[in-house]
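So the structure is just underneath, and the comments pick up after that.
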Amino acid sequence: MPVGLFRVCLLVITAIVNHPLFFPKENGTVPEHAEEIIQKMKEREQSLRLEQLRLEQEIADQEATQKALEKAAVVVEETKEEKVRWDMWTALSMVIFLLIELWRQDFQEGNWQDIGGEEDDMAVLGKAFKGVAFPDKAVLGSFYEKRILGTTGDMARMREMVEGFADDLLEALRSVCNRDADMEVEDCMGVGSMYENWRVRKPFVCDLIVPFAPPEPYCFRCQTWCSGDSFPPDEQGYGTIKVCRADEDVTGCICDKTKLGEDMLCLLHSQVSSTRPSSEMEDLLCFKNTQYLDADQVMKWFQIAVTKAWNRISHKYEFDLSFSLLDSPGALKIKFKSGKSIAFNLTPVVQYENSDVYFISHFPRSSLAADIPSSTHWFLTFAVYERRFIQLVSKTLPANACHVSCLQILSFLHGKQCSLTGPSGLTNYHLKTVLLHLLQARPSQDWAPEKLEARLQDMLKFLEKCLHEKKLYHFFIGNGNVPAELSFPIIFQRAEPLNLFRPFVLRRDIYRKMVDTFHEMLRNMSALINEYTVHTPLAHTNGIRKE
């Protein structure tokens, strides 16, 4: 019975527990929406997978980009290292090349005055001498005696006459000038071939230079290319001349170099003294709006002054005076009633400090200053020192030395060749420079009269070498072996050597013409000398070549 009752109670309890009213209403819908939930979960899982793939792809792209950037950085770094190595080798190669070039130039410049000490160089004839019949001693001696020696007396008489007239003309010029405003003219000096006794070609022309100075209280302050300031290579050999007051500071006040404000005043210079009227500087022959002496204005002033001076003294002379060349402002010509004439050059110059170096406004009949940078640039002439050097060396040479004879013969041959083939860049000044170098290099006994042929060959060989190398150095500039007796300014001895052939380096046409003229002169040398020695008929000179 109890067991049965327990079973009945258990059944009732089970029925009550499993009754539907005991569960929430929504739980009854779970089976109905299970498939929909599962479908949504699948869709969500799919979207998450797609998002995961997208993120993985982005990460992969970023890693690839990072690797590419790192690789590019490595390549750039390697390129920079290679470029640095290449630049280093390039710079090292350039330094080595420059050192070799500087050594070569120093070696040449150190030996350009030691020609006489190396007999091997002077004993070897260049290519231009191959096949050239060089006149012997007898022919050269006869030629010099018949053609050149007789002109010495004519030169002496002409120099005496021209110098006397020039002194009278300059004295009259001083009298017509205003001493308070015009330039002060000093006595003239003779320079060049006529006063060094080696001019041979007619017409004879005397070259006279006339130093001048500004009126008080002004003075000239000269500046050269080797004075420390930078000058371009094409201005080597030139200088400028500044017109200043004598009491003006050489270095100049800072007020001249700095623009002061309107409310600022220099305590050393008043406003009146610091600014000079433009007309005042132009009256002092300066370039417009500058303090630098203008070579063109100086020549115009000089021509006017010479004309006034001649009008004052013309009644004393039985000849006429005129300017002979338009491109050479100082070229004058004396015309006699008989039809004869005498030409001479009167050129104003400015003295460099207390030396015999002068700034020259124009070079008469010369291409030395053909390309002057501007009218405020003045070329320096060492003509007075050249004349004094020749006179000094001549005292140490044997009697009747052949140094002047060599220059006369070479100048004559060059002039004759130019009359046949036209002028070239080679000038008599270049020939004289060659002689000056050899005079310093050769011992005095080598210039004995019987060695005329050998020394003439030396000059031609030296000139051929210079033409080949396109280098002929000025004798004084950069020459540390100038005799102390000349009292030559040390600033020019310490300067870099000045190459007289430098203008021809870039002008190949003129250089080619100069070389061709030299070669033609060598080939025609024997014919020219024989023509003026044995007086052969003109028809026999057809063997002389022309270009």
The percentage of Cα-Cα pairs in the range 409-473 separated by more than 17 Å is 44
q = 0.19, 0.20, 0.29 Å⁻¹: log10 I(q)/I(0) that the Debye formula gives for the range 143-190, counting C-alpha atoms only = -0.69, -0.72, -1.01
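Which number do you get for Rg(Cα) / (2.2 N^0.38 Å) in the range 444-505?
Values: Rg = 14.7 Å, N = 62, 2.2 N^0.38 = 10.6 Å.
For the range 444-505, the normalised Cα radius of gyration is 1.39.
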List the pair-distance distribution P(r) of the range 466-537, using every Cα-Cα distance, as the percent of pairs falling in each 5 Å bin from 0 up to the bin containing the longest distance, rounded to whole percents.
-> 3, 14, 16, 12, 11, 12, 12, 11, 6, 2, 1
Place a +1 charge on the Cβ of each Lys and Arg in the range 394-475 and a -1 charge on the Cβ of each Asp and Glu, then give the dipole magnitude about the Cα centre in debye, rounded to the nearest 20.
-> 180
Work out from phi, with θ = phi - 60° and the Karplus expression 6.51 cos²θ - 1.76 cosθ + 1.60, the ³J(HN,Hα) of each residue of the range 193-208, listed in order in whole Hz, and give x for Gly and Pro.
-> 4, 5, 9, 9, 6, 10, 6, 10, 8, 8, x, 6, 10, 7, 9, 10
For the range 323-457, build the charge dipole from Cβ charges (+1 Lys, Arg; -1 Asp, Glu) around the Cα centre, then report which of 425, 400, 351 sits farthest towards its positive end.
-> 400
Considering only Cα-Cα distances, which of the following residue pairs are longer than 28 Å: 288/432; 300/333; 300/335; 432/470; 146/340?
-> 288/432
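Give me D for the range 285-423 in µm² s⁻¹, whole number, from Stokes-Einstein with Rh from the Kirkwood sum over alpha-carbon pairs, 10 °C and 1.306 mPa s. Working shown, then result.
Working: Rh = 18.3 Å.
Value of D from the Cα-based Kirkwood radius: 87 µm²/s.
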Enumerate the amide H contacts of residue 349 below 5 Å, restricted to partners 5 or more residues apart or on another chain; note that Pro and chain-start residues carry no placed amide H.
-> 210, 212
Among 158, 169, 148, pick out the residue whose Cα is farthest towards the positive end of the charge dipole of the range 136-194, where Lys and Arg carry +1 and Asp and Glu carry -1 on C-beta, about the Cα centre.
-> 148
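Give me the one-decimal Kirkwood hydrodynamic radius in Å for the range 411-526, with the sum taken over alpha-carbon pairs. Before the final figure, lay out each step's value.
Values: mean 1/r = 0.0645 Å⁻¹.
For the range 411-526, inverting the mean 1/r across all distinct Cα pairs yields 15.5 Å.
Given Cα positions, please report Rg to Rh for the range 356-471, the hydrodynamic radius being the Kirkwood one. Numbers along the way, then the final one.
Numbers: Rg = 15.7 Å, Rh = 15.8 Å.
Ratio of gyration radius to Kirkwood radius: 1.00.
Mind ordering 47-59, 136-148 by average Cβ neighbours within 10 Å, highest first? All intermediate terms of the calculation are to be shown ahead of the outcome.
On the way: 47-59: 10.0, 136-148: 15.8.
Listed from highest to lowest mean packing, they are 136-148, 47-59.
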What is the distance in Å between the Cα centres of the range 314-354 and the range 428-461?
-> 33
Under a point-charge model restricted to the Cβ atoms of Lys and Arg (+1) and Asp and Glu (-1), what is the dipole moment magnitude of the range 341-491 relative to its Cα centre, in debye to the nearest 20?
-> 240
Unsatisfied cross-links (Cα-Cα over 23 Å) in the set 465/513; 202/451; 202/395; 461/513 = 202/451; 202/395
Distribution of pairwise C-alpha distances over the range 162-243, 5 Å bins, in % = 3, 12, 15, 13, 15, 16, 15, 9, 3, 0
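Since every read-out is calculated from the coordinates, none of them should be taken as a lab result. Keep in mind that this is a model prediction, so the values were computed, not measured. Reconstructed Cβ throughout: ideal geometry from the backbone, glycine too, with neighbour counts over all protein chains shown.
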